[in-house]
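Data first, discussion second: the structure below is written as structure tokens.
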Amino acid sequence: MRWLETKDTSPITRNKLKWRHLTPNRALREAIEFEEKRRQRLLEKRQSQKSAMYHEPNRFHDMKHGSVIEKVINKCLSEMKINARLDSWGIAFVPMNKLKQKLNMLMVIEALPSRDIFRLCTHVDAVINNTLSTIESDCNRVLRDLIQCGKHGSLTLKKVNNSMRFCFEGKAREITTTQNFRDILFMFVEVAFRMKRKLEAIASYDE
């Protein structure tokens, strides 16, 4: 803030800024608040899950595999030089501009040790107020299904407060190599990028 009061350049790159005023990133704030609440719920359930795994063989197997996917995800992030790791709750926050330039969104990676699933989630700061019956012909099938039905395969899209929550969910046991996870990451980022542009265009049109 102090820097912008006296200078018209970026404090990081030193390039001249097109504008100096700051705008709130509501999608980022809601994504962080959403995950903080999720963490709290996970913390409350952790003790019961820990005791249950010793009495349920399948649950114990999932817990064991949870450590495998954790190592794969953390190794993949390290290889990509992304400064983020899964924490003790199995959650990591990754700025998506590390994977695609100009995509200023936050991705949440979730790999719960007690469940054989992992998720990638992000929030788009654009809301579709009305269900769309038709979409432009240039919209591909994946985006069309997501916007019209809220689902396409393992991808889902739903309204959460003042933004749209976009997620991918997969089986943890299917992630055995860093390349597996890297391919899913880039697929998710690319769809999220196109989704963001399409939702913003629709929201702008509705206005």
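The table that follows gives values for the structure above.
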| read-out | value |
| --- | --- |
| Residues of the stretch 36-59 satisfying the condition of being at pLDDT 70 or above and either farther than 27 Å from A92 by Cα or in contact with a Leu (Cβ under 9 Å, 6 or more places away or on another chain) (or both) | L42 |
| Any hit, the stretch 104-114, residues being touching a Lys or Arg at 6+ places or on another chain (Cβ under 9 Å) and open to solvent by 60 Å² or more (accessible area, probe 1.4 Å) | no |
| Qualifying residue in the stretch 164-179 (condition: of a type in the set (S, T, N, Q), part of a helix (DSSP H, G or I) and either at pLDDT 85 or above or within 22 Å of R115 (Cβ to Cβ) (or both)) | yes |
| Conditions (1) at pLDDT 85 or above; (2) in contact with a Cys (Cβ under 9 Å, 6 or more places away or on another chain); number of the one not met by V191 | (2) |
| Those residues of the stretch 161-180 which are touching a Phe, Trp or Tyr at 6+ places or on another chain (Cβ under 7 Å) and open to solvent by 10 Å² or more (accessible area, probe 1.4 Å), in sequence order | F168, G170 |
| Tally, over the stretch 82-96, of residues that are in contact (Cβ under 8 Å) with a residue 40 or more places away in the chain and open to solvent by 10 Å² or more (accessible area, probe 1.4 Å) | 2 |
| Candidates I128, I117, I73, I69, filtered to the one that is modelled with pLDDT under 75, more than 12 Å from the chain's Cα centre (by Cα), open to solvent by less than 90 Å² (accessible area, probe 1.4 Å) and closer than 24 Å to V191 by Cα | I128 |
| Breaking point among (1) modelled with pLDDT under 90; (2) under 29 Å from Q40 (Cα atoms), for R182 | (1) |
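The values are calculated or read from the model by the stated rules, or taken from the named source; none is laboratory data. Keep in mind that this is a model prediction, so the values were computed, not measured. Here the Cβ is made from the backbone with ideal geometry for all residues, glycine too, and neighbour counts use every protein chain on show. Only protein heavy atoms, including side chains, enter the accessible area calculation; ligands, DNA and RNA are left aside. Shrake-Rupley method; radii C 1.70, N 1.55, O 1.52, S 1.80 Å.
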